[in-house]
Each structure stands twice: as structure tokens, then as C-alpha cells.
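What follows is a short report on a single structure.
The values are calculated or read from the model by the stated rules, or taken from the named source; none is laboratory data. Quantities reported herein were computed from a predicted structural model and do not represent experimental measurements. Ideal geometry is used to build each Cβ from the backbone, glycine not excepted, and the neighbour counts take in all protein chains shown. Just the protein is used for accessible areas: all its heavy atoms, side chains included, with ligands, DNA and RNA removed. Shrake-Rupley method; radii C 1.70, N 1.55, O 1.52, S 1.80 Å.
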Amino acid sequence: MLVRNNQLINDDLWIRNGKIMYPQDIFFKEKRKADYCFDCKGAIISPGYIDLQINGGFGYDFSFPDESTAEKDILLEVAKELPAYGTTAFCPTIVTSLPETYKKLLPRYQRRKGSAKDGATVLGVHVEGPFIDPTKHGAHRTDFLRQVPNGMDDILDCYGSLDNVSIITIAPEIPNVLEHVIPRLVDEYGIIVSLGHSLSNLTDGEKAVCAGARFITHLFNAMSSFHHRDPGLIGLLTSHQLSSSTPVYYGLIVDGIHTHSAAVRLAHCVHPNGLVLVTDAVIALGFSDGEYNLGENKITVKGKRATICGEETLAGSIASMSDCVKYFRQALLDGETNNSIYIKHHPQNEKHRFVVEAINSATLHPAQVLKIDKQKGTLNYGADADFILLDHDLNVLATYIGGDQAWCINDEWSNEKLLIKDNEQKEKENLPC
């Protein structure tokens, strides 16, 4: 089954030169059949996952490469590991840092096309801070936070070049941000502005969206709590002050720690088409418990929770995108994970809908945020052939980048084992392709 047009459908996936092809053109215009056919054994074929907020993983911290990793291409090292979790594209995220750190790292973190050999595509950097509210700093260093009295001059003085930047998280209540920063970031630099780490009221949030902001960083976390007289940034999900043609997307960390499943369901019910799963994963993704870095901070990882050392403040997650997709589907389908009292019995078509919505939130929606949904996050014709095979519990079985297999869970899911007999023999035996 394929995930296409917001549903699960029975169809074949045709690929040539790294792109998804329209089979009728091949069959009727070129009058040829497939060169190779693969039996996916009833697996779900989904677009590859896209992570817009990942701080590092597998022993690498994008904000604080230490001496042992200074000479390594840490984006490449992480990119090679991500296909094992279904992720085929990502935005490496740098948390609040000193200007010299940005000026050192941003030129190194260039966009890069993914491949089976080199792993996931690098979609540009997500810079989270330092222009955030000190009262909602979360795991960010307050002594590194900055203001923008001179507007864009202060932004450029801090970051240096924005050539490799795709997303900037900023608090709209900081003076000059609404009038002199957001419009220029969007119009002159093509940056996706995300609102977060903020005490903003709803009115300023609406003004920020009208100025060009289109994303909210990890909804519910590091922002004003929802209040019935001023819902803050959370209220943007239902605002009537915004045009229906103005899309607002929001990141959600569904790792079983950051966001209660009731809050997950609430956000989904209110604005399902804007929901974007993000991992906010840190250096310890794929590693065991211990002490690690998150930028200039020391963090402790124990169980599924990462916190600032000596505190209870959450410091990112250790969840993969595969974990988040499964947690999200679980939240929609069964309520509280592993709590049978909440289990509901849904009709099969609704179960399929939850599968599709969970997958869309990790594929189509993040691609729409970056305005690359013609190429990524979809299995539509003409898109890049970045896709994954999933079992019906949404476990990743195999990952493909540009049509080539980048990872498989075991030999049974290798291309060699999935390959059906060549077309000539298949035609004699009247086997389906």
C-alpha cells in the first residue's frame, strides 16, 4: 500500500533516475515495462521522514562539536545514521550560542543532497535562538541571549551569513522583531520564521504571522500556557484574524515526555493539517544513558528523558522520528500508551486515517513548511524517490534515498531478497509487476 493523496491505496511505485514516475507515460508512450520489479510483501510505502528540528545524535552535537569531532563532517556522520530511523531529510539545529560559534559552524553546515551512500539530505540549518525570551529559555543559556535594537544589523552581526539557514526561531515580543526583523528575514533572505521560546500574547503572534512567520517551534513547550483570556501562541491554531490562505504550521515533540497525549489530540483536533512532528533529538539519540553536551550546557540522559544536569528542565529528546510517528499514531488511536483502560475500538477506515495522518505529519507537512512539497514528503509523480517501507505497526523495514536502498532492517528486506524475477520470465509466468 502507498500513502498518496491523504489515503492508503493499492498501487505500484515506479522509479527512474531518482524520481517517481507516472507509469502510464512509460507504458503507453515509451511502450516498455519495468526493468526490475520488487515485491514489498504488503508493507506500507511512505515518503521518507523529514525532521525540521534535530540538535544532533549518535554522539554528535551540532552546536558544540568537541575536539574529537572537530575534523569530522558531523552532518555526514549523522546523515548516514538517520535512514535507520526512516529519516531521509533534516534540518540540523543549532541552539542558542555565541556569535563566534555561529560564524564558525554555519559556513560548514551546507545544504547537501542525500544518497544511499551519504545518507539523509541536509535541508539547511534551523537556528533556534539567541533572540528568544529569557523567561522561556528552556535549556538555552540565558547569558547568550541577545536583543535586536538595530534590527537586521544585529541578526547579521550575530549569525554572519544566512546562506545555509532555512529556519530561525525567534520570540516576536522582542522589540523590533515584528517591524524590522521578520519581514526582512522572509522577503529578503527567504528564511522560514518560527515563533518560539516566547511569552508572546496572541495579538503579537498574529502580527508576526501577518509579517511573514509561518511556523511555531515545539508547541506547548517553552511558551505561555494556554489561557482562556489570552491563549498566547497556541491560539494561532484557531485565530480568525488570519486569512484562510495563510498557513500556520507548528512543531510538536511527541516522544512520550514533552507533550501529554491529551494535548497531542487537542492540537490535532484543532489544526491537523498544520501539525509537524519534530524530534528535538540531542547528541544521545541512538546512545545509552549518561552525560552529554547540548551546546554549552551539560545534560543528563536517563531512560527516555534528557534534562539539564542537576535540574528537571527538559533538554531536547532522545526520540527518533520513527518513535515520534508511532507515539503519535498511538495517541490518536489508543489514548495513553500501554494503558488498556483508554483503548478504543475504531473502525478500520479510521485506523487507516490515523496511520496516514501520523505519516503526513512527518513527511508532507514539514515539506510544506519549507515549500519543497513538490520534491519531498510525497509520493506524487515527479517527486524525489525518497521513501520507506513500514510494517503495520509503523516500524521501519527499509529506507530508500533517490530510489536506492540506504538501509534495511535485515537481509529479508534487502533489494536482493525483494527482487522479483526479470520481466521476461515474469511475462511467461504472468506474474504481476
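Given the criterion in a loop (DSSP other than H, G, I, E, B) and either over 28 Å from residue 97 (Cα atoms) or open to solvent by less than 50 Å² (accessible area, probe 1.4 Å) (or both), identify the matching residue among 203, 259.
259
Regarding residue 251, is this residue under 25 Å from residue 321 (Cα atoms), in contact with a Leu (Cβ under 9 Å, 6 or more places away or on another chain), surrounded by 17 or more Cβ atoms within 10 Å (Cβ to Cβ) and among the small types (Gly, Ala, Ser)? Break it down stepwise before answering.
On the way: under 25 Å from residue 321 (Cα atoms): yes; in contact with a Leu (Cβ under 9 Å, 6 or more places away or on another chain): yes; surrounded by 17 or more Cβ atoms within 10 Å (Cβ to Cβ): yes; among the small types (Gly, Ala, Ser): yes.
Yes: the conditions hold for residue 251.
Which residues, taken from the stretch 1-59, are in a loop (DSSP other than H, G, I, E, B) and charged (D, E, K, R)?
11, 12, 30, 31, 32, 33, 35, 39, 41
Residue 113: modelled with pLDDT under 95, open to solvent by 70 Å² or more (accessible area, probe 1.4 Å), within 30 Å of residue 400 (Cα to Cα) and not acidic (Asp, Glu), yes or no?
No; evaluated as a whole, the condition is false for this residue.
Hey, can you tell me all the residues within the stretch 166-178 that are in contact with a Lys or Arg (Cβ under 9 Å, 6 or more places away or on another chain), over 16 Å from residue 224 (Cβ atoms) and not hydrophobic (A, V, I, L, M, F, W, C)?
166
When only residues in the stretch 206-217 that are not in a loop (DSSP other than H, G, I, E, B) and not small (Gly, Ala, Ser) count, which is farthest from residue 365 (Cα to Cα)? Spell out the reasoning first.
We begin by selecting, within the stretch 206-217, every residue not in a loop (DSSP other than H, G, I, E, B); these are 206-211, 215-216.
Adding the requirement that they be not small (Gly, Ala, Ser) leaves 206-207, 209-210, 215-216.
Numbers: 206: 21, 207: 23, 209: 18, 210: 20, 215: 11, 216: 13 Å.
So the residue we want is 207.
Can you give me the number of residues within the stretch 193-212 that are out of contact with any Pro (no Cβ under 8 Å at 6 or more places or on another chain) and not charged (D, E, K, R)?
Within the stretch 193-212, residues that are out of contact with any Pro (no Cβ under 8 Å at 6 or more places or on another chain) and not charged (D, E, K, R) number 9.
Has the stretch 160-168 got any residue that is more than 22 Å from the chain's Cα centre (by Cα), surrounded by fewer than 24 Cβ atoms within 10 Å (Cβ to Cβ) and either touching a residue at least 12 places away in the same chain (Cβ under 8 Å) or closer than 24 Å to residue 278 by Cα (or both)? Before the answer, list the steps.
Of all residues in the stretch 160-168, those more than 22 Å from the chain's Cα centre (by Cα) come to 160-161.
Subsequent filtering for residues that are surrounded by fewer than 24 Cβ atoms within 10 Å (Cβ to Cβ) retains 160-161.
Going one step further and asking which of them are either touching a residue at least 12 places away in the same chain (Cβ under 8 Å) or closer than 24 Å to residue 278 by Cα (or both), we end up with 160-161.
Yes, the stretch 160-168 has at least one match.
Among the candidates 196, 212, single out the residue that is open to solvent by less than 20 Å² (accessible area, probe 1.4 Å) and in contact with a Ser or Thr (Cβ under 8 Å, 6 or more places away or on another chain).
Exactly one of 196, 212 is open to solvent by less than 20 Å² (accessible area, probe 1.4 Å) and in contact with a Ser or Thr (Cβ under 8 Å, 6 or more places away or on another chain), namely 196.
Consider residue 54 carefully, then state whether it is modelled with pLDDT of 95 or more and not assigned by the TED database to the domain that holds residue 360.
Against the criterion (modelled with pLDDT of 95 or more and not assigned by the TED database to the domain that holds residue 360), residue 54 does not qualify.
Please go through the stretch 406-425 and pick out each residue that is at pLDDT below 95, more than 22 Å from residue 385 (Cβ to Cβ) and open to solvent by less than 100 Å² (accessible area, probe 1.4 Å).
Passing the criteria: only 425.
Name the single residue that is farthest from residue 47 (Cα to Cα) among those in the stretch 116-140 being of a type in the set (Gly, Ala, Ser), open to solvent by less than 10 Å² (accessible area, probe 1.4 Å) and in a loop (DSSP other than H, G, I, E, B).
129
Since residue 102 meets every condition but one in (1) under 22 Å from residue 277 (Cα atoms); (2) aromatic (Phe, Trp, Tyr); (3) open to solvent by less than 60 Å² (accessible area, probe 1.4 Å), which condition does it not meet?
(1)
Residues to consider are 69, 96; find the one that is touching a Phe, Trp or Tyr at 6+ places or on another chain (Cβ under 7 Å), at pLDDT 95 or above and assigned to a loop (DSSP other than H, G, I, E, B).
96
Results for (1) within 28 Å of residue 122 (Cα to Cα); (2) open to solvent by 90 Å² or more (accessible area, probe 1.4 Å); (3) acidic (Asp, Glu), shown as yes or no for each residue.
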{"position": "30", "(1), (2), (3)": "no, no, yes"}
{"position": "33", "(1), (2), (3)": "no, yes, no"}
{"position": "40", "(1), (2), (3)": "yes, no, no"}
{"position": "56", "(1), (2), (3)": "yes, no, no"}
{"position": "61", "(1), (2), (3)": "yes, no, yes"}
{"position": "73", "(1), (2), (3)": "yes, no, yes"}
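Check the stretch 25-35 and report whether any residue there is under 26 Å from residue 364 (Cβ atoms) and of a type outside the set (A, V, I, L, M, F, W, C).
Yes, some residue in the stretch 25-35 is under 26 Å from residue 364 (Cβ atoms) and of a type outside the set (A, V, I, L, M, F, W, C).
So in the stretch 301-326, with the set limited to residues that are open to solvent by 50 Å² or more (accessible area, probe 1.4 Å) and within 29 Å of residue 360 (Cα to Cα), which one is modelled with the lowest pLDDT?
Taking the candidates together, the pick is 304.
For every residue, the table says whether it meets (1) modelled with pLDDT under 95; (2) open to solvent by 10 Å² or more (accessible area, probe 1.4 Å).
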{"position": "345", "(1), (2)": "yes, yes"}
{"position": "354", "(1), (2)": "yes, yes"}
{"position": "380", "(1), (2)": "no, yes"}
{"position": "384", "(1), (2)": "no, yes"}
{"position": "388", "(1), (2)": "no, no"}
{"position": "399", "(1), (2)": "no, no"}
{"position": "402", "(1), (2)": "no, yes"}
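What is the one condition in (1) of a type in the set (S, T, N, Q); (2) within 20 Å of residue 78 (Cα to Cα); (3) part of a strand (DSSP E or B) that residue 279 does not satisfy?
The one condition residue 279 does not meet is (3).
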